[in-house]
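Heads up, the thing below is written out as structure tokens.
The values are calculated or read from the model by the stated rules, or taken from the named source; none is laboratory data. Everything numeric here is computed off the predicted structure, so don't read it as measured data. Counting neighbours? That spans all protein chains shown, and the Cβs are built from the backbone with ideal geometry, glycine included. Areas reflect the complete protein model, heavy atoms only, side chains present, ligands, DNA and RNA absent. Shrake-Rupley method; radii C 1.70, N 1.55, O 1.52, S 1.80 Å.
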Amino acid sequence: MSPRPISCEEVLARLFAYLDGELRDVEQAEIDRHLEWCRDCFTRAEFERRLKARLAQAGRASPPERLRERLKLMMARF
Amino acid sequence: MRRDGMVDVRNDRQFFQSEVMRLMDRLYGTALRLTGNSADAEDIVAEAVARAWEALPALRDRQAFGGWIQRILTNVYVSEWRRRRARPMTELPNESVPDGELEFSLFRRLHQPFLLWWGTPEHAFLNKLLRRDIERAFDALPEPYRAVMVLVEINGWSYSETAECLGLPIGTVRSRLARARGLLQRALWSWAKEAGVSAAAGPAPGRRLS
């Protein structure tokens with residue numbers, strides 16, 4: 001069965017839950033289908049997806065040398 | 001099969017040390033975003049590594065080490081935050097969300113219809129966004145919002161995992177996440193305007209964007 005057609009408003013209301021992978025399969029499929037033909041929603045979704053990817057990168061940072069040394073000393077005692 | 005206890009300990013230690021060193025950027029980066037400062041982040045990483053070593057025998061799937069130690073680190077942060085504040089993370093002075101914050105959308109500010117996608121202001125904005133801008137925006141979030149944001153966007157956890165770790169109802173995770181996103185996008189927008197990245201303002205003198 002093909003997914004139920006949904007409006008742009010419904011897509012936008014659930015866009016972040018969609019991008020976070022929080023929707024049920026059937027809801028996910030409804031949005032996938034909408035994004036295949038609606039350029040406005042597709043553009044919005046792509047923007048939020050790319051922004052999310054940039055935010056995730058903020059979770060990596062080079063530690064100061066003193067932390068590396070501290071951990072090496074600590075782990076040497078294990 | 002394990003036959004020699006000494007060999008086990010040596011193998012465990014080697015495995016543990018190399019994994020910790022390999023994951024260092026991620027552990028420290030997560031701790032830094034959670035705490036917003038290096039001294040606390042370093043303490044949290046050290047505490048997480050000590051706890052992980054103690055708990056290592058309980059980890060059956062060594063492939064899962066990365067996610068496992070990330071969870072320990074997050075738990076260290078949550079318990080430390082609770083201890084220091086002497087109040088649970090469920091309490092926020094003002095949980096109600098002003099409409100403007102929740103609704104704020106960078107995309108709506110940047111997007112101009114009828115432009116071809118490869119030249120749009122929102123893509124130019126993302127390309128010019130500095131890593132430092134994103135870090136500042138994270139660090140400027142009030143702590144409970146930041147915690148939810150880090151757990152979902154950086155740890156990649158589901159709303160229910162996040163709710164469980166923070167001891168919050170899932171609806172509160174959803175509302176804090178929505179507010180955190182609004183606040184973060186608003187902060188990025190105001191810096192974009194300062195830096196002249198947005199379509200509305202011309203390029204600001206004296207700042208390199210890329």
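Mind checking which residues of the range A:17-47 are assigned to a helix (DSSP H, G or I) and within 7 Å of chain B (Cβ to nearest Cβ)?
Hits for the range A:17-47 are A:43, A:44, A:47.
Going by the conditions given, is residue A:6 touching a residue at least 12 places away in the same chain (Cβ under 8 Å), over 17 Å from residue B:150 (Cα atoms), of a type outside the set (Asp, Glu) and assigned to a loop (DSSP other than H, G, I, E, B)?
Values: touching a residue at least 12 places away in the same chain (Cβ under 8 Å): yes; over 17 Å from residue B:150 (Cα atoms): yes; of a type outside the set (Asp, Glu): yes; assigned to a loop (DSSP other than H, G, I, E, B): yes.
Criteria met by residue A:6.
Any idea which residue in the range B:135-177 is least open to solvent (accessible area, probe 1.4 Å), counting only those that are within 13 Å of chain A (Cβ to nearest Cβ) and outside any helix (DSSP H, G or I)?
Result: B:141.
If I go through the range B:30-54 residue by residue, how many of them are facing chain A (nearest Cβ under 7 Å), surrounded by fewer than 22 Cβ atoms within 10 Å (Cβ to Cβ) and touching a residue at least 24 places away in the same chain (Cβ under 8 Å)? Please lay out each step first, then the result.
Residues of the range B:30-54 facing chain A (nearest Cβ under 7 Å): B:30, B:32-33, B:38, B:42, B:45-46, B:49-50, B:53.
Then keep just the ones that are surrounded by fewer than 22 Cβ atoms within 10 Å (Cβ to Cβ); that gives B:38, B:42, B:46, B:50, B:53.
Now narrow it down to the ones that are touching a residue at least 24 places away in the same chain (Cβ under 8 Å): B:53.
Within the range B:30-54, residues that are facing chain A (nearest Cβ under 7 Å), surrounded by fewer than 22 Cβ atoms within 10 Å (Cβ to Cβ) and touching a residue at least 24 places away in the same chain (Cβ under 8 Å) number 1.
Condition test on residue B:57, is it open to solvent by 50 Å² or more (accessible area, probe 1.4 Å), outside the structural domain of residue B:136 (by TED's automatic domain parsing) and at pLDDT below 70?
On the way: open to solvent by 50 Å² or more (accessible area, probe 1.4 Å): yes; outside the structural domain of residue B:136 (by TED's automatic domain parsing): yes; at pLDDT below 70: no.
Answer is no for this residue.
Which condition number does residue B:95 fail, the rest of (1) at pLDDT 70 or above; (2) surrounded by 12 or more Cβ atoms within 10 Å (Cβ to Cβ); (3) more than 20 Å from residue B:33 (Cα to Cα) being met?
(1)
Might you check whether a residue that is touching an Asp or Glu at 6+ places or on another chain (Cβ under 7 Å), open to solvent by 10 Å² or more (accessible area, probe 1.4 Å) and without any contact (Cβ under 8 Å) to a residue 60 or more places away in the chain occurs anywhere in the range B:189-196?
yes
Going by the conditions given, is residue B:132 open to solvent by 10 Å² or more (accessible area, probe 1.4 Å) and modelled with pLDDT under 95? Don't jump to the end; show me each part of the working.
Values: open to solvent by 10 Å² or more (accessible area, probe 1.4 Å): yes; modelled with pLDDT under 95: yes.
Against the criterion (open to solvent by 10 Å² or more (accessible area, probe 1.4 Å) and modelled with pLDDT under 95), residue B:132 qualifies.
Tell me, which residue of the range A:58-67 that is of a type outside the set (A, V, I, L, M, F, W, C) and facing chain B (nearest Cβ under 7 Å) is surrounded by the most Cβ atoms within 10 Å (Cβ to Cβ)? Talk me through it step by step, then tell me what you get.
Start the filter on the range A:58-67 by keeping residues that are of a type outside the set (A, V, I, L, M, F, W, C), which leaves A:59-60, A:62-66.
Checking which are facing chain B (nearest Cβ under 7 Å) leaves us with A:59-60, A:62-64.
Working: A:59: 23, A:60: 18, A:62: 11, A:63: 20, A:64: 14.
Once the filter is applied, the top-ranked residue is A:59.
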